[in-house]
Amino acid sequence: MRFDPATLKFDDKGLIPAIAQDEDGAVLMMAWMNVEAVAKTLSTRRVTYWSRSRQAFWIKGETSGHIQELIDLRVDCDRDCLLLIVRQTGPACHTNRRSCFYTSVISGDEVELMAPES
């Protein structure tokens, strides 16, 4: 069966959450995609997101060089969330960390799990 991005369940703003995970299984980040971003990602294999603040597409790594190359795009059972398996070049987070999920809450305290990359 041929995949059609229009069959996904987008929210009332036309967006769907997309979780980026590296080849080793580490969760790197979460961002938003619209139907066009999904289609562009599939056609170019460079992950393209939709920026809600700028109201524009952004290709991960376009300015930073921290590229996400798509390995696999997976659709969840409800078709309302995407999992992007990516080959990440450099940090995924804008704070210059490998992952955006670098803070853990342990016994009510926030603990930083990783420092920014040099």
Of all residues in the range 1-28 being among the small types (Gly, Ala, Ser) and closer than 17 Å to TRP50 by Cα, the one that is surrounded by the most Cβ atoms within 10 Å (Cβ to Cβ): ALA20
Pairs, first more than 29 Å from ILE67 (Cβ to Cβ) in the range 97-118, second of a type in the set (Ser, Thr, Tyr), C-beta under 9 Å, six or more apart: GLU110/THR103; GLU110/SER104; VAL111/THR103; VAL111/SER104
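Residues are listed down the side, and each one gets a yes or a no for (1) under 21 Å from LYS13 (Cβ atoms); (2) of a type outside the set (D, E, K, R); (3) out of contact with any Leu (no Cβ under 7 Å at 6 or more places or on another chain):
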site: MET29; (1), (2), (3): yes, yes, yes
site: TRP32; (1), (2), (3): yes, yes, no
site: GLU36; (1), (2), (3): yes, no, yes
site: ALA39; (1), (2), (3): yes, yes, yes
site: THR44; (1), (2), (3): no, yes, yes
site: TYR49; (1), (2), (3): yes, yes, yes
site: SER53; (1), (2), (3): yes, yes, yes
site: LYS60; (1), (2), (3): yes, no, yes
Residues located in the range 66-100, provided they are part of a loop (DSSP other than H, G, I, E, B), surrounded by 13 or more Cβ atoms within 10 Å (Cβ to Cβ), of a type outside the set (Ser, Thr, Tyr) and more than 12 Å from the chain's Cα centre (by Cα): HIS66, ASP76, ASP80, GLY90, PRO91, ASN96, ARG97, ARG98
Lone unmet requirement of (1) modelled with pLDDT of 95 or more; (2) under 16 Å from LEU84 (Cβ atoms) for ASP11: (2)
Among (1) surrounded by 16 or more Cβ atoms within 10 Å (Cβ to Cβ); (2) closer than 30 Å to SER118 by Cα; (3) of a type in the set (Lys, Arg) - the single one ARG45 does not satisfy: (1)
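The values are calculated or read from the model by the stated rules, or taken from the named source; none is laboratory data. All of these numbers come straight from a predicted model, not from anything done at the bench. Glycine gets a Cβ as well: all are built from the backbone with ideal geometry, and neighbour counts include every protein chain shown.
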